[in-house]
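The values are calculated or read from the model by the stated rules, or taken from the named source; none is laboratory data. The shown structure was predicted, so the numbers you read here are calculated from the model rather than taken from an experiment. Quick reminder, even Gly has a Cβ in these numbers, built from the backbone with ideal geometry, and neighbours come from all protein chains shown. The protein model used for the area step is the full one, side chains on, heavy atoms only, and it has no ligands, DNA or RNA in it. Shrake-Rupley method; radii C 1.70, N 1.55, O 1.52, S 1.80 Å.
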Amino acid sequence: MNTKKLFTISAAFLIGAVLLNSPTLGKAVEGSKARTLEVTIREWDVPTPRSNPHDPAAAPDGSLWWTGQFTNRLGRLDPATGMMREYPLKTANTGPHGLTFDKDGNVWYTGNYSGLIGKLDPRTGKVTEYKMPDPKASDPHTPVFDQQGILWFTVQGGNFVGRLDPRTGKIDLKRVPTEDALPYGMVITSKGVPIFCEFGTNKLARIDPKTLEITEYKLPGEGTRPRRIAIANDDTIYFTDFEQGHLGRFNPTTGEVKMWLSPGGSTSSPYGIAVTPDGLVWYSESGVLPKNTIVRFDPKTEAFASTTIPSGGGVVRNMAVTPDGRVYIACSGVNKVGVVAANKPRV
């Protein structure tokens with residue numbers, strides 16, 4: 001592997017290492033109190049060794065999909081039967097990263113090492129690719145569809161956000177105003193407005209879906225680094241502050257921000273995050289060792305609950321949720337995918 005590719009593949013890991021060793025962190029600060037989280041976590045080994053399963057996604061049929069970032073394939077798990085299947089991709093060293101689905105059940109992914117967006121038809125295995133129109137947009141990151149069927153995405157190192165119209169294949173790119181912002185996680189509001197994290201600085205940002213104008217929102221604390229983002233039914237935004245160990249909440253209407261120290265403390269490195277249909281916030285602490293955690297936050301009571309991941313987790317970089325409230329995870333370093341489900345109350 002040449003130096004350029006090695007840098008591209010390792011960018012997120014290197015950024016994380018720098019942040020975790022940042023002098024701004026100082027002495028570790030103890031986190032918020034949390035009770036024991038009563039859940040069942042089931043994990044499955046993915047078929048191909050050293051796959052580094054990255055982002056999970058919940059398909060319309062309830063299956064769990066993942067990106068095999070290091071092995072150039074996508075994978076599918078039926079949690080009910082444990083049956084798995086992997087799908088090879090078209091371009092060598094694609095570096096599949098983020099996943100999402102269109103209304104027809106096609107799987108869309110970002111080619112993080114190859115400057116492309118891909119579409120897989122799981123019925124036929126056919127892969128269609130859309131190359132970035134600018135070579136500087138070499139590392140597409142997180143994809144998400146809006147209500148009109150337009151695919152929006154971040155481009156981390158290239159410092160762009162973009163949109164792709166699947167009907168025409170046309171891609172539009174917009175450079176983020178802040179240099180080296182590292183556009184990362186992204187969500188779409190109920191009004192069709194994309195909002196994303198700027199992991200390289202202490203900002204969130206919104207995109208005007210018509211003009212592509214970007215408005216940035218500065219977060220409290222110069223050392224805050226929002227990495228992943230999730231959205232509740234009322235359009236409230238939750239984000240993980242990877243550097244300083246916070247869970248954050250942002251109101252896109254008022255601009256109000258509130259932050260809580262995560263149960264694992266200031267060095268807990270919160271990462272993957274999702275909101276279930278009941279409004280509960282779920283995320284993982286990737287800096288808690290030897291085993292990463294699953295944390296649940298109740299916005300109504302501001303109470304935390306936490307438990308460890310049986311395999312250790314190996315860094316949960318993203319999460320997905322199902323309509324019935326299950327949480328899908330991909331455990332990169334231990335080559336597993338998993339399902340987190342709340343325990344049923346005893347009768």
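Note on the stretch 199-253: Rg/Rh from Cα positions, Kirkwood definition for Rh, rounded to two decimals, is 0.98. Charged neighbours of T276, selected by a Cβ distance under 13 Å, balance to -1 (K, R count +1; D, E count -1). Out of the total accessible area of the chain (probe 1.4 Å, heavy atoms of protein only), what percent is carbon and sulfur? Exposed carbon and sulfur together represent 52 percent of the surface. Scanning residues 5 or more positions from G111 or on other chains, those with amide H under 5 Å from its amide H are L116, I117, G118, with H placed 1.01 Å from N in the peptide plane.
The listed peptides 293-305, 111-123, ordered by packing as a protection proxy, come out as 111-123, 293-305 (highest mean of other Cβ atoms within 10 Å first). Treating only the Cβ of Lys, Arg, Asp and Glu as charged (+1, +1, -1, -1), what charge dipole size does the chain show about its Cα centre? Round to the nearest 20 debye. Here the chain has a charge dipole of around 520 debye. Take every pair of alpha-carbon atoms less than 8 Å apart whose residues are at least six positions apart; their mean separation over the length of the chain yields a relative contact order of 16 percent. Here the stretch 57-198 is assigned +1 on the Cβ of each Lys and Arg and -1 on the Cβ of each Asp and Glu. Its dipole about the Cα centre then comes out at about 340 debye. With θ taken as phi - 60° and the Karplus curve 6.51 cos²θ - 1.76 cosθ + 1.60 applied, the whole-hertz 3J(HN,Hα) list for the stretch 330-344 is 10, 9, 4, x, 10, 6, 10, 10, x, 10, 10, 9, 5, 5, 6 Hz, x standing for glycine and proline.
Computed from point charges on the beta carbon alone (+1 for Lys and Arg, -1 for Asp and Glu), the dipole magnitude for the stretch 275-347 about its Cα centre is near 220 Debye. Given R0 = 41 Å, the distance between the Cβ atoms of M83 and T301 translates into a calculated FRET efficiency of 0.55.
Rolling a 1.4 Å probe over the heavy atoms of the protein chains gives the chain an accessible area of 43 Å² per residue. The Cβ shell under 14 Å around S306 holds other residues with a net charge of 0, Lys and Arg each +1, Asp and Glu each -1. Close amide H contacts of G287 (hydrogens built in the peptide plane, cut-off under 5 Å, sequence separation of 5 or more or a different chain): S269.
Given R0 = 25 Å, the distance between the Cβ atoms of D146 and E256 translates into a calculated FRET efficiency of 0.55. A simple packing score, the average count of other Cβ atoms within 10 Å per residue, orders the peptides 270-276, 39-45 as 270-276, 39-45, with the highest score first.
Using θ = phi - 60° in the Karplus curve 6.51 cos²θ - 1.76 cosθ + 1.60, the 3J(HN,Hα) couplings for the stretch 62-69 round to x, 6, 9, 10, 8, 9, x, 4 Hz; x is entered for Gly and Pro.
Here the translational diffusion coefficient of the stretch 108-157 follows from Stokes-Einstein with Rh set to the Kirkwood radius across Cα pairs; for 10 °C and 1.306 mPa s it amounts to 140 µm²/s.
Subtracting the Cα-Cα distance of D324 and L212 from their residue separation scaled by 0.36 nm leaves 36.9 nm. Among beta bridges from DSSP that stay inside the chain, the antiparallel ones total about 95%. Close amide H contacts of F199 (hydrogens built in the peptide plane, cut-off under 5 Å, sequence separation of 5 or more or a different chain): Y184. Stretching R50 away from K33 to a fully extended chain increases their span by 2.6 nm, per 0.36 nm per residue minus the current alpha-carbon distance. Taking one quarter of the surface of the convex hull spanned by the alpha-carbon atoms of the chain gives a direction-averaged projected area of 17.0 nm².
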